[in-house]
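Engineer: The structure under discussion is supplied below as structure tokens; questions concerning it will follow.
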Amino acid sequence: MTLRGKYALVTGSSRGIGRGIAVKLAESGAKVAVHYYQKEDHAKATLEKLRACGSDGFVLQADVCKPEEIRRMFARVKSEFGALDIFVNNARPEVATFYEGPMTIGLDMFDFAINSQAKAFLVGVQEAVPMLRDGGRIIALTYAPGGRFGSWQPWVAMGAAKAALEVLCRYFAVALASRQITVNAISPGWTEDSVLNTLPEAVQTMIRNWHRGGWTPMGKLGTPSDIGNAVALLCSAEANWITGQILDVDGGASLMDAHLPLEIQQVPAARGAQAA
Ligand SMILES: NC(=O)c1ccc[n+]([C@@H]2O[C@H](COP(=O)([O-])OP(=O)(O)OC[C@H]3O[C@@H](n4cnc5c(N)ncnc54)[C@H](OP(=O)(O)O)[C@@H]3O)[C@@H](O)[C@H]2O)c1
């Protein structure tokens, strides 16, 4: 599989999953615009990784909560690359900006989640499409459980925002099908080297042990390169008939049944999995 000659923009690729995606696209031959919000040095480090694998690109800054900054970002992509083949909508603001339960959350926090996900994706796709070449790829990063369930109370704003983003994927998929542009969402399971590593150590350990203990059948968390691999697959020529879908990339975590204790489900223990 090669993406040689393709141009990509990955929002939020200064670190975490976005960096894993940018590196994988570069390894496959694409040139990548590395977007950041505040951490320019991290974005430059990503760019160095792209160069180390024989590709290139440039770094650019924007707050995705501000439509005019998204427009400025795409204008820069146009002036640097001249065209675009892959747009990955990955950026997500710090958890503290939207983390509040449904009975107490204020409209400012709710808006923050919606603006950074649903509205940013709407504006981003509208800006991307005029410079996307036929057969292009649009991929949004979601967290599908947040929109499907109601138990993680302080995730209500982000859950609603990601659900809206997933709906937009389906509508854009139909709107852009005549140009053979595909639009899909990827829903990672909990992933190492991401927002996870910014959480208190005790919380990280609890999450790792939960998944290693059987709630991820493959017995471990994902990595940014696991998610990058999935994005690269969707960008391949062979994925040209896949559109409007939400792909869980989670070692089987989304297949688990929360109605039953693990002991009754008899999930075979993953080889080599152990508690932190
Ligand atoms: N981590 C997981 O386990 C997991 C699971 C499921 C889904 N996801 C999804 O995967 C995506 C990436 O998650 P992550 O954990 O890898 O993220 P992360 O490590 O927290 O990185 C967030 C990225 O978004 C950028 N960003 C933050 N606020 C921004 C703003 N206002 N405007 C523009 N960019 C902004 C950051 O830029 P700076 O570096 O400049 O601050 C950074 O590049 C998200 O969409 C998330 O919902 C993650």
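Each reported figure results from applying straightforward, stated rules to the coordinates on display, with no laboratory input. Not measured: the values here are computed from a predicted model. We place every Cβ from the backbone using ideal geometry, glycine too, and count neighbours over all the protein chains shown.
Engineer: In nm, to one decimal, how far is the residue 66 label point from the residue 170 one, both placed 7 Å along Cα→Cβ?
Structural biologist: 3.4 nm
Engineer: Set the Förster distance to 41 Å, then compute FRET efficiency between residue 245 and residue 41 from the Cβ-Cβ distance, nearest 0.05.
Structural biologist: The computed FRET efficiency comes out at 0.70.
Engineer: Same structure again: Translational diffusion coefficient of the range 117-232 at 10 °C, 1.306 mPa s, Stokes-Einstein with Kirkwood Rh over Cα pairs, in µm²/s as a whole number.
Structural biologist: Rounded, D is 100 µm²/s.
Engineer: What translational D, rounded to a whole number of µm²/s, comes out for the range 15-149 from Stokes-Einstein when the hydrodynamic radius is the Kirkwood one over Cα pairs, at 20 °C and 1.002 mPa s?
Structural biologist: Details: Rh = 15.8 Å.
Calculated translational D: 135 µm²/s.
Engineer: A follow-up question, please. Hey, could you grab the Kirkwood Rh for the chain? Inverse mean 1/r over distinct alpha carbon pairs, Å, one decimal. All intermediate terms of the calculation are to be shown ahead of the outcome.
Structural biologist: On the way: mean 1/r = 0.0524 Å⁻¹.
For the chain, inverting the mean 1/r across all distinct Cα pairs yields 19.1 Å.
Engineer: If you don't mind, there's one more thing I want to ask. May I ask you to derive the relative contact order of the range 55-214, considering only C-alpha pairs under 8 Å and at least 6 residues apart, and to give it as an integer percent?
Structural biologist: 23 percent
Engineer: Next question. Label 7 Å along Cα→Cβ of residue 97; the range 37-71 residues with amide nitrogen under 11 Å?
Structural biologist: 37-38, 62-66, by backbone N distance to the label point.
Engineer: Let me ask you something else. Counting pairwise Cα distances across the range 182-253, what percent come out greater than 19 angstrom?
Structural biologist: Working: 1040 of 2556 pairs.
Value for the range 182-253: 41 percent of Cα pairs lie more than 19 Å apart.
Engineer: Also, I was wondering about something else. Compute a Gaussian network model of the chain, connecting alpha carbons closer than 10 Å, and tell me which residue from 107, 50, 141 fluctuates the most.
Structural biologist: Checking each option, the largest mean-square fluctuation is seen for 107.
Engineer: Next question. So for 81, 98, 149, fewest C-beta neighbours within 10 Å to most, what's the order?
Structural biologist: Sorted ascending by nearby Cβ count, the order is 149, 81, 98.
Engineer: Here is a follow-up. Kindly put 121, 112, 74 in sequence by how many other C-beta atoms sit within 10 Å of each C-beta, fewest to most. Display every interim value, and only then the final one.
Structural biologist: Working: 121 29, 112 19, 74 23.
Sorted ascending by nearby Cβ count, the order is 112, 74, 121.
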